[in-house]
Amino acid sequence: MRELQESLKRAIKDLFNVDVEPELTRPEEQFGDYSTNVAMQLAAQLGKSSREIAQTLADKVQYAETVDKTQVAGPGFINFFISDKALLDSLNTQPSKELDGKEILVEFGDPNPFKEMHIGHLYSYIVGDAIAGLLEASGATVRRLSYHGDVGLHVAKAVFGLRELKKPRQGQEEDTAIEKEGYLGKAYAYGAKKYEEDEESKEEIDKINLKIYEGDDPQINNLHQAGINLSFDYFDKILDLLSINNDKRYLESQTIPAGKELVEKNLDSVFKQSQGAIVYEGEKVGLHTRVFITSKGLPTYETKDLGLTVLKDKDYPQASRSIIITANEQSEYFKVMLAALAEINADLAKKTTHLSHGFLSLTTGKMSSRLGDVYPAMKLLLEVKAAVHEQYPDSQVRKEVTFGAVKYAFLKHRLGSDITIDIEESISLEGNSGPYLQYAFARANSILQKVDIGQQAGDDSLTLQTGERSLTRKLSEYQEVVVKATDELMPHHIATYLYELAQNFNRFYESSRIIGDEREVLRLKLVESYAQVLKNGLQLLNIPVVEKM
């Protein structure tokens, strides 16, 4: 595509003395390999009809080395049919490293300690990891970060429970086994129950809440840290299963000093006093007013997020971009926070991007939301695992199929849209699923295992037949799809492409004999390219690739 763009750009300059970056799109196959509407863009500027401009350009570019023929359609679209040789040559191109030398921060996941990791966090981890993978494939050095709320009333309830459950009761020795699995959940349940039913305990939990903020009580600090360690140990078990890395974790309690200092430093310029609180008046930029420090002097989420930007910038001063992924219920909140940041540090705000994902639910009706049922991440993983074991009891790659099913079930959807997960659909070998693509690669791999491609000589003069050309054309799109997915930070483009590619290959396989045919060498090369693209695409999404199903 790059060669064609350059040929078209030169033709426009030579014919009309205009500098322009022509945009090429992929039309339906019968209309060519590429299309452009640049003639319609030039019409008003040149004072000529768009169709006349299109025909002049088409005649000029007709002689480009990669173009087999051109065709003018409609009011001035130019369709390009690429030569078979150019299509085949494009299969050997390497991905561009447009982000080489760039450092990019991607924050995702963000489950709070003392709470359950639910399917919303699971989705954030999976899609954030895929976005990080896309950026790395383009040459960037990516830092995978997460941010966790370790302060608040829910934490105080859990810490209260940890303290009370450790106390000796009825002559028993003190229970020091905080590390026991499930202990943290029991501690939170105990504290929550006491908070609702016992006034004395409620007052004590409110005091603990303040002590956690102040950090000056050694016993509370130790219990607080023990709870955090327990939580992260559990989170890490899930991340290890998913093969997802985390470079650095930030805690809300760490961001408070930097956030409060930033707000107070910019009081009367960016922020205003209002009824004893400090607020940002978002109406001046078309948003809404939000409190950053309460009348009691406590920082809100907004202030903590400001502090987080300061800490990130201090830890990674060379980062050219900072991407934050959260649920879409935080979108309006982030607009206000970033607007305030823009008045404090325009450069820092400019390089910060907030992405949001939609509402998640299961076909069972369970969901993940602050207002709905919390569906644990581990429970979903175990349910998919059980379904895979039942569906494929003799498979040697059930673990890989399980995680392929879960990841793809999330990644095939456009980021920002609401998602409903159907477990049976996610594990099926038919339809748009992870196991379907894993099986597609395994089948292609089994074909290649039957022959030694390296010992075969091909005929470069062969003209591609219809099925061969259609598959080659689809394979040639891969690098363009990777660029688009990276530019838009939308991994679903990769998933959609891989599914379409597998369907294309199925049509080719059904109509084209491979081994033993007189065109065997060419067709095996196409199978080899197909298998490699499938493997590359799945690995880009961090989905396990299996040699056999």
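Summary of computed values
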{"quantity": "Check on THR300, touching a Phe, Trp or Tyr at 6+ places or on another chain (Cβ under 9 Å), of a type in the set (S, T, N, Q) and without any contact (Cβ under 8 Å) to a residue 12 or more places away in the chain", "calculated": "yes"}
{"quantity": "Exclusive hit being open to solvent by 30 Å² or more (accessible area, probe 1.4 Å), touching a Pro at 6+ places or on another chain (Cβ under 7 Å) and within 28 Å of ASN92 (Cβ to Cβ), set GLN5, GLN30", "calculated": "GLN5"}
{"quantity": "Listing of helices (runs of 4 or more DSSP H) fully contained in the range 350-447 that carry 3 or more residues being without any contact (Cβ under 8 Å) to a residue 60 or more places away in the chain and within 21 Å of LEU534 (Cα to Cα)", "calculated": "398-411"}
{"quantity": "The range 376-397, subset of a type in the set (A, V, I, L, M) and either over 28 Å from the mean Cα position of the chain (by Cα) or open to solvent by less than 30 Å² (accessible area, probe 1.4 Å) (or both), residue farthest from THR364 (Cα to Cα)", "calculated": "VAL397"}
{"quantity": "Count - residues of the range 303-337 that are charged (D, E, K, R) and free of Cβ contacts under 8 Å to residues at least 40 places away in the same chain", "calculated": "2"}
{"quantity": "Members of the range 47-70 that are within 14 Å of LEU8 (Cα to Cα), polar (S, T, N, Q) and not in a loop (DSSP other than H, G, I, E, B)", "calculated": "GLN55, THR56, THR70"}
{"quantity": "Candidate set from the range 276-305 (those that are touching a Ser or Thr at 6+ places or on another chain (Cβ under 8 Å) and among the aliphatic types (A, V, I, L, M)); member that is surrounded by the fewest Cβ atoms within 10 Å (Cβ to Cβ)", "calculated": "ALA277"}
{"quantity": "So ARG51, is it over 30 Å from ASP240 (Cβ atoms) and modelled with pLDDT under 90", "calculated": "no"}
{"quantity": "Which numbered condition ILE244 fails, given (1) in a helix (DSSP H, G or I); (2) crowded, with 18+ Cβ neighbours inside 10 Å; (3) in contact (Cβ under 8 Å) with a residue 60 or more places away in the chain", "calculated": "(1)"}
{"quantity": "Of residues in the range 398-418 being small (Gly, Ala, Ser) and in contact with a strand residue (DSSP E or B) (Cβ under 9 Å, 6 or more places away or on another chain), the one surrounded by the most Cβ atoms within 10 Å (Cβ to Cβ)", "calculated": "ALA409"}
{"quantity": "Hits in the range 204-224 (condition: over 16 Å from LEU153 (Cβ atoms) and either among the hydroxyl-bearing types (Ser, Thr, Tyr) or open to solvent by less than 70 Å² (accessible area, probe 1.4 Å) (or both))", "calculated": "GLY215, ASP217, ASN221"}
{"quantity": "Conditions (1) of a type in the set (S, T, N, Q); (2) closer than 26 Å to PHE108 by Cα; (3) open to solvent by 30 Å² or more (accessible area, probe 1.4 Å): number failed by GLN273", "calculated": "(2)"}
{"quantity": "Matching residues, the range 115-128, being open to solvent by 10 Å² or more (accessible area, probe 1.4 Å) and more than 15 Å from ASN328 (Cα to Cα)", "calculated": "LYS115, GLU116, HIS118"}
{"quantity": "Filter result (closer than 26 Å to LEU541 by Cα and open to solvent by less than 80 Å² (accessible area, probe 1.4 Å)) within the range 496-523", "calculated": "THR496, TYR497, LEU498, TYR499, GLU500, LEU501, ALA502, GLN503, ASN504, PHE505, ASN506, PHE508"}
{"quantity": "Where a residue in the range 249-260 is on the phi < 0 side of the Ramachandran plot and touching a residue at least 40 places away in the same chain (Cβ under 8 Å) and its partner, wherever it lies, is surrounded by 18 or more Cβ atoms within 10 Å (Cβ to Cβ) and among the charged types (D, E, K, R), with Cβ under 7 Å and at least six apart", "calculated": "LEU251/ASP150; GLU252/ASP150; GLU252/LYS304; SER253/ASP150; THR255/LYS304; ILE256/LYS304; GLY259/LYS304"}
{"quantity": "Residue match in the range 191-203 (condition: in contact (Cβ under 8 Å) with a residue 60 or more places away in the chain and surrounded by 17 or more Cβ atoms within 10 Å (Cβ to Cβ))", "calculated": "no"}
{"quantity": "Pairs where the first residue, in the range 519-533, is closer than 14 Å to GLY467 by Cβ and the second is open to solvent by 20 Å² or more (accessible area, probe 1.4 Å) and of a type in the set (Asp, Glu), C-beta under 7 Å, 6+ apart", "calculated": "ARG523/ASP517"}
{"quantity": "Tally, over the range 316-335, of residues that are more than 21 Å from SER124 (Cβ to Cβ) and either touching a strand residue (DSSP E or B) at 6+ places or on another chain (Cβ under 8 Å) or assigned to a strand (DSSP E or B) (or both)", "calculated": "2"}
{"quantity": "Residue among ALA39, ALA44, ALA11 that alone is aliphatic (A, V, I, L, M), open to solvent by 30 Å² or more (accessible area, probe 1.4 Å) and not in a loop (DSSP other than H, G, I, E, B)", "calculated": "ALA44"}
{"quantity": "Candidate set from the range 58-83 (those that are closer than 18 Å to GLU477 by Cα and of a type in the set (S, T, N, Q)); member that is surrounded by the fewest Cβ atoms within 10 Å (Cβ to Cβ)", "calculated": "SER83"}
{"quantity": "Set ILE82, ILE104, ILE131, ILE53: member being free of Cβ contacts under 8 Å to residues at least 60 places away in the same chain and aliphatic (A, V, I, L, M)", "calculated": "ILE53"}
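The values are calculated or read from the model by the stated rules, or taken from the named source; none is laboratory data. Here the structure is a predicted model, which means the values were calculated and not measured. Here Cβ is always computed from backbone atoms with ideal geometry, including for glycine, and neighbour counts include all displayed protein chains. The accessibility values were calculated without ligands, DNA or RNA, using every heavy atom of the protein model including side chains. Shrake-Rupley method; radii C 1.70, N 1.55, O 1.52, S 1.80 Å.
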